[in-house]
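All remarks here apply to the structure that follows.
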Amino acid sequence: MGRPSAPRIVAAAAVVLTLSACAGGNYRPVSDSPVRIGQPYTVRGITYAPAAAPGYDSLGYASWYGSESGNQTANGERFRADWITGAHTTLPLPTYVEVTALDTGRRIIVRINDRGPFAHGNRIIDLSRGAAEELGIKARGIAPVRVRRVEPSEKDRKRLREGKPAGALRPVPQQELQQLRARLSNRGR
């Protein structure tokens with residue numbers, strides 16, 4: 001038997017690539033690099049312009065999602081509903097943020113790897129089901145939050161890349177929490 005011809009090698013490679021795509025091979029591995037900012041895009045008539053935002057700190061509302069498990073996120077990773085991830089309209093992918101539930105002061109670190117929320121109103125982040133559970137807002141559906149960009153330790157980054165929560169954070173003190181609630185309330189006026 002002779003050596004396989006170039007067309008046969010190419011055909012075999014195409015079959016292998018096709019089968020690997022069917023088995024999930026078309027997802028990007030979970031990684032912190034490269035960081036992607038992306039081009040402006042339009043959803044439901046609103047244009048969003050992704051940008052580097054090292055000082056990002058915003059008040060608004062969080063919602064959560066989880067039925068899309070297995071779909072591809074905006075940065076190419078597989079969405080896993082039980083991981084501590086989130087979606088943001090403009091932050092680079094991935095970005096790490098601290099999310100504070102303004103009702104309780106509870107805080108967690110979330111890895112942003114997707115785009116959203118695209119609902120009207122003051123929603124500033126969509127959390128995975130796992131993140132909503134970790135933050136204690138899953139039962140509410142929508143909750144007031146503070147979202148601020150952070151640079152967690154490599155240990156916490158690794159845990160989040162593996163689908164585990166980052167180390168526990170202390171709750172926000174009541175006085176600071178009252179100030180944040182007042183700021184959010186004043187913004188709505």
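Remarks
- For Thr89, the residues 5 or more places off, or on other chains, whose built amide H falls under 5 Å of its own are Gly116.
- For the stretch 90-189, the spread of Cα coordinates along the three principal axes comes to 40, 31, 25 Å, biggest extent given first.
- Nearest-ten-degree value, helix 6-20 long axis tilted from longest Cα axis of the chain: 30 degrees
- For the chain, calculated [θ]222 nm from helices alone, where every DSSP H run of n ≥ 4 adds -39500 (n - 2.57): -7000 deg cm²/dmol
- The relative contact order of the chain comes to 24 percent, based on Cα pairs under 8 Å that sit 6 or more residues apart.
- Calculated diffusion of the stretch 14-150, Stokes-Einstein form, Kirkwood radius summed over Cα pairs, 37 °C and 0.692 mPa s, µm²/s: 213 µm²/s
- Using a Gaussian network model of the chain in which every pair of alpha carbons under 10 angstrom is joined by a spring, one finds that among Pro144, Pro117, Pro173 the greatest mean-square fluctuation is at Pro173.
- Gaussian network model of the chain, Cα within-10 Å springs - most flexible of Arg107, Arg44, Arg28: Arg44
- Sorted by Cβ neighbour density within 10 Å, fewest at the top, the residues Leu169, Leu102: Leu169, Leu102
- Sorted by Cβ neighbour density within 10 Å, fewest at the top, the residues Glu68, Glu134, Glu151: Glu151, Glu68, Glu134
- Test item: Cα-centred dipole of the stretch 53-187, Lys/Arg +1 and Asp/Glu -1 on Cβ, debye: 160 debye
- Along the axis of the charge dipole computed for the stretch 53-187 (Cβ charges of +1 for Lys and Arg, -1 for Asp and Glu, origin at the Cα centre), the listed residues Ile125, Leu102, Gln72 are led at the positive end by Leu102.
- Spatial separation of Cα centroids for the stretch 46-73 and the stretch 82-150, in angstrom: 7 Å
- The distance between label points at Asp57 and Ala139 comes to 3.2 nm (points 7 Å beyond Cα on the Cα→Cβ vector).
- Each of Val147, Val30 was scored by other Cβ atoms within 10 Å of its Cβ. Listed from fewest to most, they are Val30, Val147.
- Extending 7 Å from the Cα toward the beta-carbon at both Ile46 and Asn26 defines two label points whose distance is 2.9 nm.
Values in this text are rule-based calculations from the coordinates and carry no lab data. Note that the coordinates shown come from a computational prediction; the quantities given were computed from them, not determined experimentally. Backbone-built Cβ (ideal geometry, glycine too); neighbour counts: all protein chains shown.
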